[in-house]
1. Per residue, how large is the accessible surface of the chain? Use a 1.4 angstrom probe and give square angstrom.
2. Can you tell me the mean projection area, over all orientations, of the convex hull of the range 1-52's alpha carbons? Units nm², please.
3. Working only with C-alpha atoms, what are the Rg and Dmax values of the range 30-73, expressed in angstrom?
4. Using only DSSP helix segments of four residues or longer, with each worth -39500 (n - 2.57), what per-residue ellipticity at 222 nm results for the chain after dividing by its residue count and rounding to 500?
5. Which peptide among 87-98, 71-82 comes first, and what is the full order, when sorted by highest mean count of other Cβ atoms within 10 Å?
6. Treat every Asp and Glu Cβ in the range 55-105 as -1 and every Lys and Arg Cβ as +1, leave all other atoms uncharged, and give the resulting dipole magnitude about the Cα centre to the nearest 20 debye.
7. Please report the Cα spread of the range 56-103 along all three principal axes, rounded to whole Å, starting with the longest.
8. With +1 on the Cβ of every Lys and Arg and -1 on the Cβ of every Asp and Glu, and nothing else charged, how large is the dipole of the chain about its Cα centre, in debye rounded to the nearest 20?
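The values are calculated or read from the model by the stated rules, or taken from the named source; none is laboratory data. Predicted, not measured: the structure shown is a model, and the values here were computed from it. Please note: Cβ atoms are built from the backbone with ideal geometry, for glycine as well, and neighbour counts cover all protein chains shown. The protein model used for the area step is the full one, side chains on, heavy atoms only, and it has no ligands, DNA or RNA in it. Shrake-Rupley method; radii C 1.70, N 1.55, O 1.52, S 1.80 Å.
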Amino acid sequence: DGAEAAFAGYVETYPDGPRAAEANYWWGKTLSVRGAHANAAQAYIAAIRGWPQTSWGPDAVVELARSLVALKKPADACQTLAEFARRYPKAPANIQSRAAATRTQAKCAA
């Protein structure tokens with residue numbers, strides 16, 4: 001609860017700050033853990049605006065797709081995962097594996 005409040009507070013106070021995108025990513029993580037998938041998806045979308053080339057960027061995209069699957073929006077999840085493959089072809093193996101599992105869960109076309 002404390003982490004969620006801290007990240008939300010940072011984003012609210014410094015929406016255009018240099019760490020706002022990363023704060024949105026971590027805020028999304030806390031929301032996902034609580035099952036607040038709609039709010040998590042919004043936080044992940046805010047985090048990945050501009051497709052950041054950061055260590056957390058690929059994970060944020062996969063987490064967005066997972067939130068979309070939970071919201072019963074598989075077509076949106078598949079579109080997100082297609083963009084993930086295009087934007088982050090060298091993502092770490094563990095993140096690529098989670099992306100593949102999410103593709104299967106969303107029943108994305110091959």
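1. Accessible surface, normalised per residue, equals 58 Å².
2. The number I arrive at for the range 1-52 is 3.2 nm².
3. According to the Cα coordinates of the range 30-73, Rg and Dmax are 9.9, 28 Å.
4. One gets -23500 deg cm²/dmol as the mean residue ellipticity at 222 nm.
5. 71-82, 87-98
6. 100
7. Principal-axis extents of the Cα atoms in the range 56-103, largest first: 28, 17, 16 Å.
8. Approximately 520 debye in magnitude.
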